[in-house]
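The values are calculated or read from the model by the stated rules, or taken from the named source; none is laboratory data. Bear in mind the structure is a predicted one, so any value in this text is a computation, not a measurement. Glycine gets a Cβ as well: all are built from the backbone with ideal geometry, and neighbour counts include every protein chain shown. Surface accessibility is based on the protein's heavy atoms, side chains included, excluding ligands, DNA and RNA. Shrake-Rupley method; radii C 1.70, N 1.55, O 1.52, S 1.80 Å.
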Amino acid sequence: MNGETRLLAPLVPTRGYFPDFLTPPEGQLGVDDALSALRETPPARVHTELAGLARTRTLPTWIRAMGDGDTRQLGHLAGALQRYHAAAVAPYWPRLQARIEADRAARGRTLLDGGADRLLATLPSALRWRAPVLEIDYPVDRDLHLGGRGLLLMPSYFCRRTPVTFHNPDLTPVLVYPVDHPAPRATPVPAPGRSLGRLVGQTRSAILRGVGAGCTTTELARRVDVSLASASQHATVLRDAGLLLTLRRGNAVLHTLTPLGAALLRGGQAGEAG
């Protein structure tokens with residue numbers, strides 16, 4: 001992976017401008033679709049966006065060749081990104097996806113309960129909603145006018161310092177913002193084998209089914225018809241087993257299924273159906 005890191009570093013600096021074509025909208029469909037779209041980027045766009053990067057740093061020969069229209073280098077880039085993803089992202093993807101999906105569930109719930117104003121007002125502290133303007137702590141001073149196009153909010157596990165948007169204002173307005181990263185637990189997390197061994201019985205199966213697209217502990221207790229304390233205890237066991245993810249929102253907590261929890265639930269339902 002070190003070779004891919006050195007290769008890609010000039011294209012994606014830790015701060016400042018990087019080409020928009022590196023993050024195609026097809027990325028929402030998965031890494032394969034994103035890389036296919038990257039390979040099909042028009043040469044004129046590659047040239048323009050790499051010219052902007054060249055104004056801030058010296059680019060290696062292969063990147064300059066890509067900017068000059070050598071489409072083979074786009075394939076070279078896509079291959080490097082594929083290998084980097086396989087080594088640095090794919091092994092951890094279930095955990096990353098669980099955190100992202102939990103954030104999406106929490107934001108969607110906020111939108112349904114309080115509308116767009118409340119949603120925008122509860123985004124991370126680097127974003128401040130002062131209607132009709134969303135102010136953002138951003139590395140450079142710029143204004144982005146939506147012009148009725150709407151704004152796509154995308155939570156990101158790797159966006160740690162400031163939110164990110166496309167450099168080109170003519171592209172679909174997208175705002176990538178950091179998901180919450182909770183502080184380390186004060187007590188050790190039980191080993192997965194031990195926690196999964198405790199995962200037996202009808203009540204915890206009902207808890208998994210009851211979580212659905214996300215719910216609070218109070219809602220979970222009501223759905224499963226158990227006491228609040230019992231719902232909290234069972235949710236803790238399932239969370240320690242890696243089957244639930246819990247996010248705190250004010251005085252309440254929101255439970256969502258992790259990919260592992262969803263897969264286990266689907267398998268259980270398939271077994272019952274069979």
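Within segment 46-64, if we keep just the residues that are charged (D, E, K, R) and farther than 19 Å from LEU81 by Cα, the residue that is least open to solvent (accessible area, probe 1.4 Å) turns out to be ARG57. Filtering segment 166-191 to residues that are at pLDDT 90 or above and either open to solvent by 60 Å² or more (accessible area, probe 1.4 Å) or part of a loop (DSSP other than H, G, I, E, B) (or both) leaves PHE166, HIS167, ASN168, PRO169, ASP170, LEU171, THR172, PRO173.
Every residue in segment 125-158 that is without any contact (Cβ under 8 Å) to a residue 60 or more places away in the chain and of a type in the set (Phe, Trp, Tyr), please. Within segment 125-158, TRP129, TYR138, PHE158 meet the criteria.
Pairing each residue of segment 1-26 that is over 17 Å from ARG57 (Cα atoms) with any residue that is in a loop (DSSP other than H, G, I, E, B) and at pLDDT below 90, provided the two are 6+ apart or on different chains, yields C-beta distances under 9 Å for LEU22/VAL12.
Taking the criterion of being acidic (Asp, Glu) and within 17 Å of GLU4 (Cα to Cα), no residue of segment 62-79 qualifies. Does segment 130-177 hold any residues that are over 19 Å from PRO24 (Cβ atoms) and among the basic types (Lys, Arg), and which are they? Correct list: ARG130, ARG142, ARG160, ARG161.
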